[in-house]
Amino acid sequence: MLIYLASAFSGVADHWYPADLQKRAQIHSVLDWHHSNLRRGSATYIFNSLIALALGRPLNLEKAAEGEKILIASLAKIESFWLRDDGPFLLGNSQPSIADLSLACEVMQLELVETKDRDRILSHHNRILKWVEDTKSAAAPHFEELHSLMSPAKEKLLSLKSLATKEAESHGKLA
């Protein structure tokens with residue numbers, strides 16, 4: 001969708017989705033990697049440790065742990081490969097691209113989990129935290145506006161998780 005929006009509307013700054021085909025191919029490389037790695041880990045972890053409850057499904061902590069491993073490996077790859085020393089954004093760029101938006105939004109999904117879990121996963125990734133902040137700033141005020149929905153969603157999801165935990169404990173005590 002971001003590729004379409006960047007292509008369909010005139011006036012979108014070139015750095016978001018460059019006209020240069022080599023630069024564009026690099027953006028596609030990041031986006032392709034994202035779907036098979038960061039998104040897979042993030043979605044598996046967050047769905048199985050939290051969101052499943054909102055859909056009436058039980059949590060699957062084994063699957064959540066598998067997703068967390070992929071997520072942690074993906075974060076390490078972002079720092080070691082996609083974030084380069086020659087610029088603050090992915091691929092060493094001086095300005096953000098749609099790849100920065102896509103990956104930063106994926107990392108922002110961790111705002112939904114408990115703060116202790118988010119911090120446990122992200123605390124060793126200072127470059128990623130800085131890059132997310134740089135991306136937020138570059139896309140202000142729209143980035144924050146869109147992500148403002150996360151706090152109320154987090155409250156509801158953590159409330160469901162707390163209720164499910166209490167119910168599981170009470171059933172365990174009755175057995």
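The values are calculated or read from the model by the stated rules, or taken from the named source; none is laboratory data. Quick caveat: nothing in here was measured; it's all calculated off a predicted structure. Cβ atoms come from the backbone with ideal geometry, glycine included; neighbour counts cover every protein chain shown. What goes into the accessible areas is simple: the full protein's heavy atoms, side chains included, and nothing from ligands, DNA or RNA. Shrake-Rupley method; radii C 1.70, N 1.55, O 1.52, S 1.80 Å.
Kindly indicate whether any position in region 120-136 is within 24 Å of Pro58 (Cα to Cα) and crowded, with 17+ Cβ neighbours inside 10 Å. Write out each step before concluding.
Step one: of region 120-136, the residues within 24 Å of Pro58 (Cα to Cα) are 120-121.
Right, trim to crowded, with 17+ Cβ neighbours inside 10 Å and you get 121.
Yes, region 120-136 contains a residue that is within 24 Å of Pro58 (Cα to Cα) and crowded, with 17+ Cβ neighbours inside 10 Å.
Does at least one position in region 54-75 carry a residue that is within 17 Å of the chain's Cα centre (by Cα), of a type in the set (D, E, K, R) and farther than 30 Å from Leu160 by Cα?
Restricting attention to region 54-75, the residues satisfying the condition of being within 17 Å of the chain's Cα centre (by Cα) are 64-75.
In the following step, the residues that additionally are of a type in the set (D, E, K, R) were identified as 66, 68-69.
So of that shortlist, the ones also farther than 30 Å from Leu160 by Cα come out as none.
Looking through region 54-75, none of the residues is within 17 Å of the chain's Cα centre (by Cα), of a type in the set (D, E, K, R) and farther than 30 Å from Leu160 by Cα.
Only one residue in Leu158, Leu75, Leu101 is more than 26 Å from Trp16 (Cα to Cα) and among the hydrophobic types (A, V, I, L, M, F, W, C), so which one is that?
Matching residue, one of Leu158, Leu75, Leu101: Leu158.
Give me the pairs: first residue in region 157-169 and closer than 16 Å to Leu112 by Cβ, second residue small (Gly, Ala, Ser), beta-carbon distance under 8 Å, and six or more apart or on different chains, which are they?
Hits for this filter: Leu157/Ala54; Leu160/Ala54.
For region 141-172, enumerate the residues that are under 30 Å from His15 (Cβ atoms) and either of a type in the set (Asp, Glu) or open to solvent by 60 Å² or more (accessible area, probe 1.4 Å) (or both).
Pro141, His142, Glu144, Glu145, Leu146, Ser148, Leu149, Ser151
Being part of a helix (DSSP H, G or I) and touching a helix residue (DSSP H, G or I) at 6+ places or on another chain (Cβ under 9 Å) is the filter here; which residues of region 107-119 pass it? Break it down stepwise before answering.
Of all residues in region 107-119, those part of a helix (DSSP H, G or I) come to 107-112, 115-119.
Val107, Met108, Gln109, Leu110, Glu111, Leu112, Asp117, Arg118, listed by residue number.
Looking at region 1-106, what helices (runs of 4 or more DSSP H) fall wholly within it and have at least 2 residues that are surrounded by fewer than 13 Cβ atoms within 10 Å (Cβ to Cβ)?
2-8, 21-36, 61-77
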